[in-house]
Amino acid sequence: MKEKKIKIKTEETTHYSKISWAVFLTTLIISLISLISVVFPALISDIVVPNGFDMLGLESYDIDPYETGPLAGLLIFSNVIVFGLYFFRKRIPKISKIFSFDIPQKISIVIVLIVIIAYGSITFPEVYTDDIYEDWKSVKIAADSFDLSEINGQGPHLRWFLLQQSMILFGTYKIIPLLASMALLGITYLFTTSLTKNRFSGLISMGLVLQSYIFLTFDTSSTYTSFWILLYVSSLYAIVRFSFANPVFYLGSIFCKALTVLFAPQSIFFILNSQIPKKQKIILSGIIIIILSIGFFGMGKGLVDREEPNMAEFWVGFATFAFQTRFDVIMVLFLVPLVFGLFVKSKENKHANSISFLIAGALFSAPILTGLTDQTNQPYRLMPIIIFFSVGVGMLFSKVTSKVTPKI
């Protein structure tokens, strides 16, 4: 009697969902456009921005749009190496063990506490230095004059309140911003661990945030605080752990910085792609839509201050990524491999699509901001990309499916 062969559906034979393909292609395209200026710094500006001297009939120095940037060679080389290792991974069997390593819960908690306390102690002397940013003058006036009983109009009222309380309680505006940055490290660890069920992944994500130049530049800044990104990441973590608190944290992030209104589509996608009950998905998505509507007609309405979109500024918004992240080399070099890695990971962990879409939205917010408003893209606004990149890298270090109940 012949035995029937049973076909087992493995990771190699499982097809990617349409959602995974859509998210992957969207994020990949946005990432590649953002990286054009890393390879050719002057290309986008040369194409979309008219030369003022030429318009006046004056001679000007011709810039070579195809002159490569300092990270161009390293970017190409690192991507070739990473993708080479992936496609030849079967010939390197030990490499897979790196992506299934974990550590005990007690040890991970001790490491997290030591890292955060050590970081806070080393950074603490910065709280006695003054911010050198020009915007600090207006922020200080707003924080000093803030009155909780007389809130009216639009503005980051929660940020002003926290800065005011920092001065009242500690005698400096920078203590609470520092505490917020320390909390951001902790919430990055918790968020990653909740998505991967792997504590080592959480430590990797926290470590990547801690080494970021942008994070270390603005971690104690009272002008450009991290309140907004802390609350926004907390709103995403709440979806996984205690979904009822999601709107509270998200609304708080808007009252720290109206820019998070642009993140509403990513939040809704994260909610719909999560494993919470369908009824909760509908309720939370509806609340986010209401917040988005209020934000646009209230706080967000003042952001869209152009009668017509400026397409030149829109494309220049992509180019600013290369300039502002030139010291965050790890993120620049491994952005595309991460996007591909999240696509592969989406087979076993549906949250990979959510993180990939968050990266796409964070990257796309820059051209949206410059194309629709008169505002410029400042480096501190890239903090969401730093966080989502770090969480995404952490997700690659886990083989546990998203159906397992998290244990942090």
Can you pull the accessible area of Asp130 for me, 1.4 Å probe, Å² to the nearest 10?
130
Set the Förster radius R0 to 30 Å, insert the Cβ-Cβ distance between Val80 and Tyr16 as r into 1/(1 + (r/R0)^6), and round the FRET efficiency to 0.05.
0.80
Fully extended contour minus Cα-Cα distance, from Phe323 to Leu169, at 0.36 nm per residue
51.7 nm
Can you give me the solvent accessible area of Phe40 with a 1.4 Å probe, rounded to the nearest 10 Å²?
60
Measuring from a point 7 Å past the Cα of Asp135 along Cα-to-C-beta, which residues in the stretch 255-284 have an amide N at less than 16 Å?
255-262
At R0 = 45 Å, FRET efficiency that the Cβ-Cβ distance of Met311 and Phe124 yields, to 0.05:
0.45
May I ask you to order 111-120, 258-267 by the average number of other C-beta atoms within 10 Å around their residues, highest value first?
258-267, 111-120
With a 1.4 Å probe and all protein chains kept in place, how do Lys174, Lys18 rank by accessible area, largest first?
Lys18, Lys174
Cα-based convex hull, the stretch 154-225, per residue volume (Å³, whole number):
99
Inverse mean reciprocal Cα-Cα distance (Kirkwood Rh) of the stretch 95-208, Å:
16.6
List the pairs from Lys106/Lys174; Lys278/Lys345; Lys281/Lys347; Lys18/Lys350; Lys257/Lys350; Lys197/Lys347 whose alpha-carbon separation is above 20 Å, in the order I gave them.
Lys106/Lys174; Lys278/Lys345; Lys281/Lys347; Lys257/Lys350
How far apart, in nm, are two points set 7 Å out from the Cα along the Cα-to-Cβ line at Leu113 and at Thr26?
4.1
Assigned charges on the beta-carbon of Lys, Arg, Asp, Glu; the stretch 309-408 dipole about Cα centre (debye)
600
Sorting check: for 25-37, 232-244, 382-394, which peptide has the highest mean count of neighbouring beta carbons within 10 Å, and how do the rest follow?
382-394, 232-244, 25-37
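The values are calculated or read from the model by the stated rules, or taken from the named source; none is laboratory data. For clarity, every value in this text was computed on a predicted model and none was experimentally measured. Don't worry about glycine lacking a Cβ; one is built from the backbone with ideal geometry, like all the others, and counts go over all protein chains shown. For the accessible areas, the whole protein counts, side chains as well, though only heavy atoms, and no ligand, DNA or RNA atoms are used. Shrake-Rupley method; radii C 1.70, N 1.55, O 1.52, S 1.80 Å.
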